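One structure is given below, encoded as C-alpha cells.
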Amino acid sequence: TPIRGADVAGTVEAIGKNVTRFKPGDEVFGQGRGSFAEYTTSGETGLAPKPRNVSFEQAAAVPGAGYTALQGLRNKAQLKPGQRVLIYGAGGGVGTLAVQVAKALGAHVTAVSSPENLEMLRSIGADEVIDYTREDFVDRGERYDVFFDIGANRSLSACRRVLTKDGTYVLVGASRHPIARVIKTILLSKFVSQRLLGFLAKPAPEDLVILKEFLESGKLAPALDGKYSFEQVPDAVRRLGTGKARGKIVISVP
Ligand SMILES: NC(=O)c1ccc[n+]([C@@H]2O[C@H](COP(=O)([O-])OP(=O)(O)OC[C@H]3O[C@@H](n4cnc5c(N)ncnc54)[C@H](OP(=O)(O)O)[C@@H]3O)[C@@H](O)[C@H]2O)c1
C-alpha cells in the first residue's frame, strides 16, 4: 500500500539537481507524495515557502482544503465582494477555510453547522451562523448568491430554493450517492437559470502563493481539531471518518 497523506509542512532535507527555488534547510508547505511519514517527496511547484507567522501544524492544515475553498469560491462560484454566500457544513477542514476565504474575498458569510461549532465559526469570521439541528436554512426565507455545499446531504431543490434567480450552487462534498448527485447537478443546470456546478480541486502553485499571503496577512488562521502524534495516525483517521472534526486534523512528526 502506498503511504497515505498529501498535505505537508516541513524543512527541505535534500533537492534534485534541477531544483532552483529551494535549498536544504528552507521551511516549506504544500503537498507531497505520502506525507504520513518522516520524509516525503514533492515537485518544487507543489511547495511554497512556509509563512513565518504560522506553525508547521497550521501551515500543513491549509494546502488541500485551501485549494478547495479558494478554487470553489473564486473560480467556480466567482464569488464577488458584497455577495452573500451560504457555506453548508462549515465546521470541518474545508468548511472552516471556506468561511475565511469567503471573508477574504469580501463576501457576507452564513455558516451552517452543528451547535458545537457555531462559536468557533463566528470567531473565524462568519457573519451569521445557523445550527442545523435546530433550524432549517430553507425556513429562514433568505436568498444567497452562492451555495457552497460541503455537507451535500440536502436535496438539490432545497438548496436551489435559497439561491437567488441567477445564483450559483457549487457541489463540494461527497453525498451518499456521489455520482448520481454530480450527474443530477450537471443535467439540471441546463434547464434552470441558476448555475449548478460540481468540481474537483487541483493543486496549483499560484493558489498556494495566494494561500500563503492569506496566512501572512492573518486572513487565514486555520482551525485545528487536534494535534495527533505519528503513532496516533489511526486515531486521527478514525476521527476524520466521524465527519465531526472541528477544523483540520494535523499529525505532528517530530
Ligand atoms: N470537491 C473537491 O475538490 C473536494 C476537495 C476536498 C474535500 N472534498 C469533500 O468535502 C467534504 C468535506 O471534506 P473535509 O476534509 O472538510 O472533511 P471533514 O473535516 O470531515 O468535514 C466534514 C464535513 O461534513 C459536514 N457534515 C457532517 N455531518 C453533517 C450533517 N448532518 N449536515 C451537514 N453537514 C454535515 C461537516 O459539517 P459540520 O462540522 O459543520 O457539521 C463538515 O463540514 C468531503 O465530502 C470531501 O470528500 C471535496
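What follows is calculated from the coordinates using simple rules that are stated; it is not laboratory data. Keep in mind that what you see is a predicted model, and the values were worked out from it rather than measured. All Cβ positions, glycine included, derive from the backbone under ideal geometry; neighbour counts span all protein chains shown.
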Take the chain, mark every one of the chymotrypsin sites (Phe, Trp or Tyr not before Pro) that falls in a DSSP loop and has at most 15 other Cβ within 10 Å, then report the longest stretch left between them, sites excluded.
40-190
Cut-off of 10 Å, at most 14 other beta carbons, DSSP loop: longest stretch of the chain lacking such trypsin sites (Lys or Arg not before Pro):
53-133
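Note down the magnitude of the dipole of the stretch 64-198 about its Cα centre, charges +1 on Lys and Arg C-beta and -1 on Asp and Glu C-beta and zero elsewhere, to the nearest 20 debye. List each step's numbers first, then the result.
Numbers: 18 positive and 12 negative charges, 134 e Å.
Value, rounded to 20: 640 debye.
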With Cα atoms, 0 to 90° folded angle of helix 93-104 axis to the chain main axis:
80
What's the longest bit of the chain with no exposed GluC sites (Glu not before Pro), using DSSP loop states and at most 16 other Cβ atoms within 10 Å as the test?
143-254
With the cut-off at 1.5 for a/c, could you classify the stretch 64-198 from its C-alpha gyration tensor as rounded, prolate or oblate?
rounded
Alpha carbon centroid spacing (whole Å) that separates the stretch 133-202 from the stretch 210-244
26
What percent antiparallel are the DSSP beta bridges of the chain, to the nearest 5?
25
Angle between the chain longest axis and helix 205-217 axis [Cα atoms, degrees, rounded to 10]:
90
For helix 178-188, what angle does its Cα long axis make with the longest principal axis of the chain, in degrees from 0 to 90 and rounded to 10?
50
Which of Val146, Thr242, Met120, positive extreme of dipole for the chain (C-beta unit charges):
Val146
Can you tell me how much longer the chain between Arg143 and Asn18 gets when fully stretched, taken as 0.36 nm per residue apart minus their C-alpha distance, in nm with one decimal?
39.8 nm
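Over all directions, the average projected area of the alpha-carbon convex hull for the chain comes to how many nm²? Could the numbers behind the result be given before it?
Values: hull surface 56.8 nm².
That works out to 14.2 nm², a quarter of the Cα hull's surface.
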